[in-house]
Every structure is written in C-alpha cells, then in structure tokens.
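Report on the following structure.
Any read-out appearing in this document is the output of simple, stated calculations on the displayed coordinates, not a laboratory observation. What you are looking at is a predicted structure, and each value in this text was computed from that prediction instead of being measured. Using ideal geometry, Cβ is built from the backbone for each residue, glycine included, and neighbour counts are taken over all protein chains shown.
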Amino acid sequence: MSAREIQDQKAIAREMFVQQAAHANADVSASPLWGATTYATESRRDYTRESTADGFCEAADTSLLPVIRVAAANLMRVLRQLEVIAKRQAPRIAFKAKGSILLLDLADILAVQAEGNYVSLQHRPNPYLVHESLSSLAEKLKPYGFIRIHRSVVVNISAVEEIQPLPTGEYRLRVKGGKGYLVTRTYKDNLRDLAQLWVGSERLPG
C-alpha cells in the first residue's frame, strides 16, 4: 500500500471518529452545561504531523480536546455552585429556648425523644427541650428524612449507622456517636426508608 493510500485510510478513519464524536455530542448539546462548548468540534482541526520515510502523516486529531476541557470546567463550576446552594438551603428547625429563638440544622439532630409534654432534640453536643408532642413533630420532620421507630422516638435517617436484629423480632439502631435506640415491631416497616438499596436480601431479616 502506497503512502498516499495509507494517508487516505487514516483520513477516512479520522472523519469517522469525528462523526461519531459529533453524534455523541448531539445527545447532550441541548444541556445548559454544554452551552458554547461544541464550537471546537467543527471549527478547528489541529493535527499533529510527524515525518516518516514515506512523507508526512497525521498522527493525532486534537480538535475535540477543547470541547472536553471546556465542558469539564463548566461541570466543575456548576457542581461548586450546587454545593453552595445546598449549604445555603439546608433545612433548619426554629424553636424557643430560654427566652430566645434558636435555629439548628436538621442534619445535626440525631433523634427526637418524647419526655412528658416535651420532646428532647438529641443535638450534638447539647440536647434541647421543646414544648410539643412527638406525634406533631414527627409529622413535621417526616419530609426531611426522619422516621418513627418507637412510640416515643423519632430518628434521623442519615444518622443511623447500624441495625441489629433482636431475638424478640425487634431491632436496635446505632446512630452516630454510638447511642442505641430500640425499634419496636409496630414501626419496624419504617426501617425500609433507611436505605435506597438493600443488597443480599429482599426484606429485612427477622
């Protein structure tokens, strides 16, 4: 095969690669993250040439590299913005305590326990007493990832680290910090909400 034929074959292969890449880019070109990054696909061909015994051949097509770099930069920028927004919009709870109104991040509350006409917010490092019924507060907290495990206990799903089945058909949960809470059989079905994916079993043991 002559040098010209080799060069023609490489040109065909290169064009097929560009067409396939352009087709893949078209699937995401409508995304706001993509924006103007597709300009480089067709507007610039930057081929690195190297000398051979038979002449010059095109060793690499770098026309897609700017697209990849710009798209990655845009993605990182958007991810950083989302992190800032998430922190700014983290759900909080407000309540009266010692003549003031305190605001706490719900993520810092491990559990809520009933104590007579009050509930105790198990917050690290200090718990707080709030004058409200557990049933009422449990309903308010449910959309924010809290589940009831006992008639007197509600826990934060994200704080649970371990589930221990007991011979009685009940369970014990261990939360961050090592504290344990009993899960009665009445509320054991709520444990399904602790994880989005259960591996190795279709249901909880026990």
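Below are the figures for this structure:
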| read-out | value |
| --- | --- |
| Theoretical gain in end-to-end length, Leu197 to Ile157 [0.36 nm per residue, Cα-Cα removed] | 13.0 nm |
| Surrounding net charge for Leu166, when Lys and Arg each add one and Asp and Glu each subtract one, Cβ distance under 12 Å | +2 |
| Peptide ranges 190-200, 151-161 listed from the most packed, as the mean C-beta count within 10 angstrom indicates | 151-161, 190-200 |
| Segment Glu115-Asn190, extension gain: residue separation times 0.36 nm, minus the distance between their alpha carbons | 24.8 nm |
| Under the Karplus curve 6.51 cos²θ - 1.76 cosθ + 1.60, θ = phi - 60°, whole-Hz ³J(HN,Hα) for the range 177-191, x wherever Gly or Pro sits | x, x, 6, x, 9, 7, 10, 7, 5, 4, 10, 5, 5, 5, 5 |
| Environment charge of Glu132, counting only residues whose C-beta is closer than 13 Å and scoring Lys/Arg +1, Asp/Glu -1 | 0 |
